[in-house]
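Everything on this sheet refers to the single structure shown next.
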Amino acid sequence: MLYICIPTFDEAPTVGVLLWKIRKVFQEFSREYEILVYNDASTDATAETLEAYTKVLPLTVLTGESRIGYARALTTLCRAAANRTRYARRDAVITLQGDFTDQPEHIPELVKRFEGGADIVIAEREGGTTGPKPVQQMRRFAPWALRLWSRAPGVPGVKDPFGSLRLYRVSVLRDALKVVGDNPLIACDGWAANVDLLLATTPHARRVETVALEPRYDLRPRDTRVKPMADLMALARFGREVRRRPPSPAPTGSA
């Protein structure tokens, strides 16, 4: 089973089309899948849009009464997938955004590498200056902000720890969730959340792979929500927090 996990906030113009694109991908790339969406107290028509698609897709919508932010929404989705799976070693979670930045057409490439033995597959940008100006600024200064307080936290071989399009073997997520117990799996929102999830899971993975898959910023109808100064400061605070953490545990190899 592949669990497609999508945190959303005010994505009514895109999320319905995104879900239909995912359906089309799996019509041509036959795999068993379920879509899990967290609607983070959207104020537009996101809830109504999602409700219509629950009737025609293997879609479950999770929601709360108040907004919890990207990190907690992503954690909720990971926990939901880990609780639903029957075969943690065989199943995987794929995370992506609900605004067309991450392309459903890239899912088969992630899955092929997973089926080849990878426990985590990370989509990385190849470089360049694509994207809105705030995103370009973040891409330029984010690694510096992390290194300001930490010893360059990261994963060997991973050049871009900030992207959202990834695949995680469910057993890896389960092991990471066992370590934190009832505590948050992800400590910081925004781009730091994607770094933190990677740092939490890679100690439990025996094989991590990257693949060059460019995000698209020209398809979504809204402006970017990146705020370079505030997001860079959040990354710096996250880096300081990472430096204080105890060493990560070795892979457990759970079934």
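Please treat every number below as a calculation from the coordinates, not as lab data. Computed from a prediction, not measured in an experiment: that's the story for all the values here. Heads up, the Cβs are rebuilt from the backbone with ideal geometry, glycines too, and the neighbour counts pull from every protein chain shown.
Observations on the structure shown:
- Peptide ranges 198-204, 60-66 listed from the most packed, as the mean C-beta count within 10 angstrom indicates: 198-204, 60-66
- Once the C-beta distance of D44 and R206 is scaled by a Förster radius of 35 Å, the resulting FRET efficiency is 0.25 to the nearest 0.05.
- Which of C78, C188 has the fewest Cβ neighbours within 10 Å, and the rest in rising order: C188, C78
- Measuring between their Cα centroids, region 162-218 and region 83-102 lie 11 Å from each other.
- Sites R90 and T60 - FRET efficiency at Förster radius 25 Å, r taken between beta-carbons, to 0.05: 0.80
- Distance violations [Cα-Cα > 28 Å] among K21/K178; K21/K55; K55/K178; K24/K159: K21/K178; K55/K178; K24/K159
- For region 38-91: rounded, prolate or oblate by the Cα gyration tensor [a/c cutoff 1.5]: oblate
- Lys/Arg +1, Asp/Glu -1 at C-beta; region 34-111 dipole; positive extreme among T95, L62, A82: A82
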